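A quick write-up on the structure given underneath.
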Amino acid sequence: RKGKTPEEVVKRYLQKVRNPPEEDCTICMEALAGPSGYKGPGVGGISRAESVGRLVQCGHQYHLQCLVAMYNNGNKDGSLQCPTCKTIHGVKTGNQPPGKMEYHVIPHSLPGHPDCKTIRIIYNIPPGIQGPEHSNPGKPFTARGFPRHCYLPDSEKGRKVLRLLLVAWDRRLIFSVGTSSTTGESDTVIWNEVHHKTEFGSNLTGHGYPDPGHLDNVLEELKAQGITEEECLP
Ligand code: APR
Ligand code: ZN
């Protein structure tokens, strides 16, 4: 993906549209048949013939120039998410700092899951210096409360969630660097958009068991990051 320009990345996920429909582009709100409302840098020289594209997976249509502007506003990881239906084209990755993810089974049951043992995940991320993918490159970031321990039932569905979390970890999507909504501290390691249960035998924080919907919620959150069951088949 290095060396590919934003325009090349975007075009990889587009089919040409010869006759744009009489609809507006929902990014710039201008007619698809007319020019893009965006005139940002690096998107000049787009000819009339390729000014509108259809995303290959979901079929939604936009001005090419609008998609390039949207891509430039994101973290430029080589993937493109449809702003209408959220379908991810390519592989979405995050900016989780380096660290370790481990897990093992402990011989105790979680509240609400009396018939199985428990998977304990241990995340460990040390403090460090922010890279170009973070909001303040060169500035240190802190890492509070590590190692962080999380729990899943050792059931079929729990093991499925674990497999998908391992993929999420590899794609740097479990944590990010930013401002903690709990402590208000900035430039620190924070949970990303995938909820974890950090309490084992009780539920004092709201991040414990029982919670009958938890595994399905997590599967939905993983899906929103482009991580589904199919990803984990050999
Ligand atoms: N356990 C699990 N998830 C949590 C917790 C917690 N104790 N606290 C917050 N979250 C969830 C929030 O619901 C939110 O969705 O993490 C998301 C981001 O919240 P932040 O407060 O910004 O995240 P962070 O600072 O990383 O977490 C705060 O979580 O695991 C603990 O030790 C950690 O005390 C810290 C707390
Ligand atoms: Zn779409």
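No value in this document is a laboratory result; all are computed from the given coordinates. Everything quoted here is computed from the prediction, not taken from an experiment. With ideal geometry, Cβ positions are generated from the backbone for all residues, glycine too; neighbour counts draw on all protein chains shown.
Give me the extension gain from Asn72 to Lys4: residue separation times 0.36 nm, minus the current Cα-Cα distance, reported in nm with one decimal.
Values: separation 68, 0.36 × 68 = 24.48 nm, distance 1.26 nm.
So the extension gain works out to 23.2 nm.
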Which residues' amide hydrogens lie under 5 Å from the amide hydrogen of Thr142, considering only partners 5 or more residues apart or on another chain, with H built in the peptide plane? Thr188, Val189
FRET efficiency for His104 and Ala224, using Cβ-Cβ distance with R0 set to 41 Å, rounded to 0.05: 0.90
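State the extension gain, in nm to one decimal, for the chain segment bounded by Lys86 and His149, taking 0.36 nm per residue of separation less the distance between their alpha-carbons.
Details: separation 63, 0.36 × 63 = 22.68 nm, distance 3.06 nm.
Going from the current span to full extension adds 19.6 nm.
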Report the local net charge at Thr118: Lys and Arg +1, Asp and Glu -1, summed over other residues whose C-beta lies under 11 Å from its C-beta. +2
For Lys100, go through the aspartates and glutamates and keep the ones whose alpha-carbon is under 16 Å away, minus same-chain ones fewer than eight residues off. Asp170
Karplus (6.51, -1.76, 1.60) ³J(HN,Hα), θ = phi - 60°, over segment 99-111, in Hz, Gly and Pro reported as x: x, 10, 10, 10, 8, 7, 9, 10, x, 9, 9, 8, x
Farthest toward the dipole's positive end in the chain, which of Pro6, Leu166, Tyr62, given Cβ charges of +1 (Lys, Arg) and -1 (Asp, Glu) about the Cα centre? Pro6
Treating only the Cβ atoms of Lys and Arg (+1) and Asp and Glu (-1) as charged, compute the dipole magnitude of the chain about its Cα centre; round to the nearest 20 debye. 700 debye
Rounded to the nearest 20 debye, what is the charge dipole size of segment 64-201 about its Cα centre when +1 sits on each Lys and Arg Cβ and -1 on each Asp and Glu Cβ? 200 debye
Along the charge dipole of segment 98-234, which of Gly112, Tyr123, Thr205 sits closest to the positive end, that is, farthest toward it, with unit charges on the beta carbon of Lys, Arg, Asp and Glu (+1, +1, -1, -1)? Tyr123
By what distance, in whole Å, do the Cα atoms of segment 99-234 stretch along each of the three principal axes, largest value first? 48, 37, 23
Restraint check, Lys197/Lys223; Lys86/Lys160; Lys139/Lys160, Cα-Cα greater than 30 Å: Lys139/Lys160
³J(HN,Hα) across segment 167-179 via Karplus (A = 6.51, B = -1.76, C = 1.60, θ = phi - 60°), whole Hz, x for Gly/Pro? 5, 4, 4, 4, 8, 6, 10, 7, 10, 9, 10, x, 9
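Quick one: putting +1 on the C-beta of Lys and Arg, -1 on the C-beta of Asp and Glu, what dipole do you get for segment 53-135 around its Cα centre, in Debye to the nearest 20?
Numbers: 7 positive and 4 negative charges, 23 e Å.
With only Lys, Arg, Asp and Glu charged at Cβ, the dipole is about 120 debye.
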Over the chain: helical MRE at 222 nm, DSSP H runs n ≥ 4 each giving -39500 (n - 2.57), nearest 500: -5500 deg cm²/dmol
Using 0.36 nm times the number of residues separating Thr198 and Thr183, minus their current alpha carbon distance, what extension gain do you get? 3.8 nm
